[in-house]
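Novice: There's a structure below that I have some questions on.
Throughout, read-outs are computed from the coordinates displayed, never taken from laboratory work. Since we're looking at a predicted model, the values are computed, not measured. Using ideal geometry, Cβ is built from the backbone for each residue, glycine included, and neighbour counts are taken over all protein chains shown.
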Amino acid sequence: MLSPSDILPAAVDDRQPAAFGELFKIGIGPSSSHTVGPMRAAFFFVRHLGTRLSEVNRITATAFGSLAWTGKGHATDKALILGLAGYRPDAIDPDLADDNLARIIAEHSLPLPDGRVIAFDTDRDVVFDCVATFERHPNAMRFTAHDSAGAELLSEVWYSIGGGFVLREGDREGDAGNTPLPWRYGTAAELLALSAATGRSFADIALDNELARRPGDDCLAVVDGIANAMFACIDRGLARDGELAGGLGVRRRARQLYERIQAREAGNDRSPMVVMDYVSCFAIAVNEENAAGGRIVTAPTNGAAGVVPAVLRYYRDFCGGERDGVRTFLLTAAAIGGLIKRNASISGAEVGCQGEVGSAAAMAAAGLCAALGGSPAQVENAAEIAIEHHLGMTCDPVGGLVQIPCIERNAFGAIKAINAASLALAGDGRHVVSLDAALETMRQTGLDMQSKYKETSLGGLAVNVTAC
């Protein structure tokens, strides 16, 4: 087998592709950057206290920037409190989360890992600071622990950088990811070069790297588990109804849409658009679950969590997709998502919704194209088409909630992904705009975009729709 140094210049040989788990994580809604990330950061902070935990008498958590502006609507306060109490987003039961939170608030007390309980006033100890800013990332948090005399024991600044991924001030992204990998690449062009030189698909390359990261583990079982969690989330969303919390009066509609489609089919009234209706319904089901704080898979974020599952189910239910194809789909999607995360962003607070639904659409388009037998060039083309036609999309959640326009936007992202894969498969892989060029454009567009359009609810629909 060729090594990366046989294919890539030495100058780029140290590039570390993102892990599968960085793009697909099981968590809870409503937001990966505003809920999952803060809960994980708070959980880690308490663990970092180590032997000083026994001295802790008070803990405070402050959210800044986008986390402050839309924190209430995105349940950031809930996430911070539950994280400090020792709960993790991948382990907590969503149905019990509200009960646990209510108990902490009612009793004005916070349980700690050493079994002690300290006084905790949510109005005093959880702060939303909309003034201070941090250069590294707009999603910043500060945690501080004090002893009984008021002396500071530990203070840390953390960043929620998208997709539930967090970094502590002073750490570099990738510090924990230095496992020697068989294949390293930093751009789509380099990934294509690896594929061409080795004859291995994007999914093969991604799986090789996962096997190196998790020796002895069943990496394909992890992939299967993510697929099953996605399908389960769709099924839950299709089975529930009622009004979503938050005050916007948004009612769940996936169940009614699904039943209406099935009724039409049972009466032989099959619309020419029925397949697309199903796809939209699948995406809406996931994002209604997300908005309700249910169990979802970040793909690559919570706000865009419906796109990949909807297209994956389209592949399974309408394209005759089988297990190996599902694996190819998700591994390919992860490879593309890693490139986006590295070279642009998957954070709405950094680049707007082009980085969330746009990224998810590119991942889904690439995955579908690969699962349907597309060549690496066609797969790269599918991802590029999807990204190109989401460029400039803003993140302007009404009321700071992931309901309007987020839920419907996932349905449109899924349809665009299928269209992008179809267009790519109709060609031979040759195209003018490369995925790398599209990602650089996304990055630049995000830098140019005003902050009011980047998950602050200070512009766009968020100020032109009454949030009550």
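Novice: With only alpha-carbon atoms counted, please give the Rg and Dmax of region 305-389, in Å.
Specialist: 12.2, 38
Novice: Within 10 Å of each candidate Cβ there may be at most 12 other Cβ atoms; applying that plus a DSSP loop requirement, which GluC sites (Glu not before Pro) in region 298-376 survive?
Specialist: GLU322
Novice: Something else now. Taking square-rooted eigenvalues a ≥ b ≥ c of the alpha carbon gyration tensor, is region 143-231 rounded, prolate or oblate, where a/c under 1.5 means rounded and, failing that, a/b exceeding b/c means prolate?
Specialist: prolate
Novice: Determine, at each q value in 0.18, 0.21, 0.25 (inverse angstroms), the log₁₀ of I(q)/I(0) that the Debye formula gives when each Cα of region 396-455 is one equal point scatterer.
Specialist: For region 396-455, the Cα-only Debye profile gives -0.91, -1.02, -1.06.
Novice: Quick check: the distance between the Cα centres of region 58-116 and region 355-407, to the nearest angstrom?
Specialist: So the two Cα centres are separated by 31 Å.
Novice: Based on Cα positions only, what radius of gyration and what Dmax would you give for region 62-149, in angstroms?
Specialist: 13.6, 38
Novice: Rounded to the nearest Å, what's the spacing between the alpha carbon centres of region 193-262 and region 417-468? Just the number, please.
Specialist: When both Cα centres are located, 21 Å separates them.
Novice: Which one, [x] 1.05; [y] 0.98; [z] 1.00, gives Rg/Rh (Cα atoms, Kirkwood Rh) as derived from the coordinates shown?
Specialist: Label of the calculated value: [y].
Novice: In degrees, nearest 10, range 0 to 90: what is the angle between the Cα axis of helix 254-266 and the longest Cα principal axis of the chain?
Specialist: 30
Novice: Expressed as an acute angle from 0 to 90° and rounded to the nearest 10, what is the orientation of the C-alpha long axis of helix 274-291 relative to the principal long axis of the chain?
Specialist: 20
Novice: Then there is this: Could you let me know the centre-to-centre spacing of region 277-292 and region 142-170, using Cα atoms, in angstrom?
Specialist: Centre-to-centre distance over Cα atoms comes out at 34 Å.
Novice: Next up: Whose amide H sits under 5 Å from the amide H of ILE28, counting only residues 5 or more places off or on another chain, with H placed in the peptide plane?
Specialist: Sorted by chain and number, the residues that satisfy this are ILE296.
Novice: If I stretch the segment between VAL275 and LEU153 completely, what's the gain in nm (0.36 nm per residue apart, minus their alpha carbon distance), one decimal?
Specialist: Fully extending the segment from VAL275 to LEU153 adds 38.1 nm.
Novice: Of the trypsin sites (Lys or Arg not before Pro) in region 262-311, which ones lie in a loop per DSSP and count no more than 15 other C-beta atoms within 10 Å?
Specialist: Those that pass, being in a loop and sparsely packed, are ARG270.
Novice: Could you sort out which of LYS72/LYS454; LYS341/LYS416; LYS72/LYS416; LYS25/LYS341; LYS72/LYS452 sit more than 23 Å apart by Cα distance in this structure?
Specialist: Violating the 23 Å limit, Cα to Cα: LYS72/LYS416.
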